[in-house]
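Below you'll find the structure, written out as C-alpha cells, and then a few comments.
A short reminder: the numbers here are calculations on the coordinates, not readings from a lab. Everything numeric here is computed off the predicted structure, so don't read it as measured data. In this analysis, Cβ positions are derived from the backbone assuming ideal geometry, glycine residues included, and neighbour counts consider all displayed protein chains.
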Amino acid sequence: MNLFKVLVISWLIGVSLSFFKDIPVAYEIKCASMSLIYLLAALFCYRYAEADLLLSKVLSFYLISALCICMIISCWFNFIFINKDIYSVLVDIRYYNAFSWKNIYKSVELLALFVVGRNASIHISNWFICRGMRVNAIIEDNKHYKNGRQP
C-alpha cells in the first residue's frame, strides 16, 4: 500500500507541475518552487520507504527509494535550470536522449505500477476466493468435553 501511495504522489506531482508551468510568474521562481515541491515530496515519501523496510517488503522498499531518488534528481534539475545557460547545456540529458532523465523516471514509475498492479490483483483474487468459499465453523474449547484419552 505504501508503494501505491508514493506512486500516486509522484504521478500527481508530475501532472500538477505541468499545469504550474502555465502560470505567469518569473522563470526563476517557477524553477525554484518546482524544485522545492519535488524535495518536500521526496522527504515525505521517504517515510513510506522506512515503513516498508520495517515490514520486510524489500522490493517495495527499493522501488519507493528509487522514486524518492528520482524526485530528488528532478529537484536538482529544476534548481540547476534556474540559470538559463546551464539549461541549454543540460536540456538534452533531461529530455531528448534515449537514456534521458524523463525516460528513466517514467520507467521507474512504470515498474512500480506493475508491482502495485500485481499486488492489487493478488489481493482482489484472494478477497473473491475467501468471500466465495465461506465456511461457517464453530471452534470450541476442548476442555469441557471428555472425549478421547483420559490422563
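Could you give the size of the charge dipole of segment 47-117 about its Cα centre, using +1 on the Cβ of each K and R and -1 on the Cβ of each D and E, expressed in debye and rounded to the nearest 20?
Computed about the Cα centre, the dipole is about 80 debye.
Once the Cβ-Cβ distance of Ser88 and Leu36 is raised to the sixth power relative to R0 = 30 Å, the FRET efficiency obtained is 0.85. For a distance above 24 Å, tell me the whole-number percent of Cα pairs in segment 2-135 that qualify. Taking all Cα-Cα pairs of segment 2-135, the fraction more than 24 Å apart is 39 percent. Cross-link check: pairs Lys30/Lys57; Lys30/Lys102; Lys5/Lys84; Lys21/Lys84 evaluated at a Cα-Cα cut-off of 25 Å; pairs beyond the cut-off: Lys30/Lys57; Lys5/Lys84. Estimated at 0.36 nm per residue, the fully extended path between Leu43 and Ser125 surpasses their Cα-Cα distance by 26.1 nm.
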